[in-house]
Structure formats: structure tokens, C-alpha cells
């Protein structure tokens, strides 16, 4: 870890380090054919633009890397990859019209995106109707996967797994938790996460002592927290949004509600969580699809360290989970094209169904719904004011700190 942290600290200032430390892709002289044109649907403006802009960089990094090694190789011939990026403005209706344009006017048979569940749901429907292949870097809701689209795939771990890995981590600790309380916002995605968490907690032998929902964006959770405190749960899981996670910690501290573990679907990781809570953020747990410190086994492309290094040298900052997912989606499509030996959508789709690829982003293997069932959600914990990866053990950079020692010891 010290070597990783020192290198990351110097990424932006020492751009020459990239040439010394980043393996260059092998370039073999071969004939070049026509470019492979791929459409990409991203939320570059609007409410989801932060993730969309990072995804754009992730796609561009992948495009540059592939072209730098001689392009996508189809039957011994290299083809430059050209990604045509379009903005859906974070609006599902615009996502539908843009997808229609990419297919009907631009005649793309291969698509990347979309970068969030709401826009992906509309884009996936259009791709299905036109029998156009789409590999997403932003869809995780089981509501999309359970539609069993033939032409839609996503590299993310399904949202229903979000708390499963938190529960697995907790159950591996000593003393093992016995009880759990679940709070969740009333929107559909949070409800999905909470429902899946309850089913999984039961399967693992945990006793669910309290479950309650609240309106999304609520400012006062004291009623739900008071009721949860009365049940004295070992684990408190909350499926909601960043502002609600912050409010939960603040009010739990005021009420001296002290489970052995506080875990959130949206919280530990973003700077807004630790910035708002400071020391109170310590020991809180959350999940992420990826982090630059993840020590994933790789069979193709760069490892996590060199990906982060090269990305920062190109863009001036580290990649986040949105950028990494976009790069992984692009690489997945490239490998599928090469293994299919074709850019025909049906041939590439068949290659995707057979794919089992170990990447810096994690293992990529799709079930019959197009969901990446091989990839876990990574568990982060705030330790000494910063998020560290604590689960699964094979990618972790720190041990879990459990049980929570209490508010006075933060």
C-alpha cells in the first residue's frame, strides 16, 4: 500500500512517471481496415452530469488505448475504434430520442451507455426494438435486468447485491451480528435495495427487528431512528441518498443510537459525506462499484495501479467508479468483437454471453439477463477520515473496524 499511495500522490505532478511505470500496449504491424464506429449515450448535462462527464473520460481513455495498440483486431486486421458520444441531458425522454437517432440516422449497430438507470431503461427498450447491441456502464437496477432484454448488457454489479457484500463482511466478524434494522427511501431504486437486503439478511440467519421507509429527501429521521433504537439492532442498513445518509449519522449521534455497524447505500466514499460529518463519519460503511485501490486480478488490459496512473497522466485527476465502469464497458465490447471475429450485432452478442474476463474493474461475466453476476459490490469504510476498501478480502486494502467503538471514540 505505501508504494500505491506514494505513486497516486505524485500522479498529477509527475507526468513523466507514466512512461516509466505504465506498460505500453504491444503494437504489431498488421493491415488496417475501416474504423469501427460505436455510438455512446451519456448524461453530459443535467442532474447526472458529474457521473456522465467522468464516463466520457473513461470511454475516451479506452478508445485511445485501443487505437494506440493498433485498434480492434478482427481476423488479423486492425480497425480504429471511433466512439460517437451523444448527450441525453440526464432525461429519459431525451435518452430515447438520442438512441433512436444513433440507430436510425447514424446506423450504429453497437452502442455504449447509458450512464444511469433511468436513461438506460429507455435506451435499452429502443435498442431491443431495433435489435442493436448495447453495453452499459451505468445500469444496475434489477428492474432492467428482469426484463430479460436480448440485446442489453451492463458491466456493473446488480443493485440488488449492494448490501449483500456488507452483510457478508459483517457476518465474518467477531462477534457476529444477530439482528438488523433496515431504513429506506420510498423511491423505487432504494426500495429495491432494501427489499433485496432483507431477503439476503434472512437467508444469512439475521433477525430483522425493524423495517421502515421514509419520503426521499426528508430532513428529519428521528422518528424512524428512535423506533430502530428501541429494537437495539446490531446492524443498521439504510438505502437512500447522500443527504439522508448524512442526516442519519447526525441524528443517530444526537440520539446516541449505537449499532455495531452503520451502513449506507449512498454515503461513505463521496467527499460530501466526510466533509459534512468530519469525525462522526468514521466507522460508517458503504459500497462502491470500484475504487483506484482495488487489487483486482487481471487477464487483459492494465491493472488497477497502472490504469489509475495512465488515466491521471491523461486527464489530470484520478478515475472514479463512473470512469472505470465506462472503460470496462468499452474493453468488454472490444474483446467481444475480437472473439466474434465480426462487428455483426448477433455475433458480438453471442461472444458476450460466453465472456468471462478478469479486468481491473473486476470479473465480467453475464447471466441470461445481461447482468454482471460475477462482480461483487466493494465495501468501503471511513477510517481516520478517509474511505478504504475492506471487502472482499482479496481486493481489500484495510481490515474492517468492527464493532463500532462508539461516538465518544471517534
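Bear in mind these aren't lab numbers, they're just calculated from the coordinates by the rules spelled out. Please read all numbers here as calculations on a predicted model, not as lab measurements. Cβ coordinates were reconstructed from backbone atoms using ideal geometry, including for glycine residues, and neighbour counts include every protein chain displayed.
Compute the Rg/Rh shape ratio of segment 230-292: radius of gyration over Kirkwood radius, all on alpha-carbon atoms. Taking Rg over the Kirkwood Rh, I get 0.95.
Take every DSSP beta bridge whose two residues both sit in the chain; close to 30 percent of them are antiparallel.
Mean-square fluctuations from a GNM of the chain, with a 10 angstrom spring cutoff on Cα atoms, peak among 75, 279, 375 at 75.
Measuring between their Cα centroids, segment 146-204 and segment 300-349 lie 27 Å from each other.
Short-range pairs are left out: with C-alpha atoms under 8 Å and at least six residues apart, the relative contact order of the chain is 18 percent. Using a cutoff of 8 angstrom between alpha carbon atoms and counting only pairs six or more residues apart, the relative contact order for segment 220-370 works out to 18 percent.
Sorting 330, 62 by the number of Cβ atoms found within 10 Å of their own Cβ, with the fewest placed first, yields 62, 330. Over segment 78-221, Cα pairs under 8 Å with separation of 6+ residues give a relative contact order of 16 percent. With springs only between Cα atoms under 10 Å, which of 162, 48, 173 fluctuates most in a Gaussian network model of the chain? Of 162, 48, 173, the most mobile in the Gaussian network model is 173.
For the options 115, 191, 99, a Gaussian network treatment of the chain with springs between C-alpha atoms closer than 10 Å singles out 191 as fluctuating the most. The candidate values are [x] 1.33; [y] 1.00; [z] 1.07; the one derived from this structure for Cα Rg over 2.2 N^0.38 Å carries the label [y]. Relative to the dominant Cα principal axis of the chain, helix 188-203 is inclined by about 70°.
Reducing segment 209-258 and segment 84-107 to their Cα centroids gives an inter-centroid distance of 39 Å.
Only helices enter the 222 nm calculation for the chain: every DSSP H run of n ≥ 4 contributes -39,500 (n - 2.57), and dividing by all residues gives -12000 deg cm²/dmol, rounded to 500. Exposure proxy shown here: for 61, 315, 360, the number of other Cβ atoms within 10 Å sets the order, fewest to most, as 315, 61, 360. Among 402, 307, 283, sorting on how many other beta-carbon atoms sit within 10 Å of each Cβ, with the fewest leading, yields 402, 283, 307.
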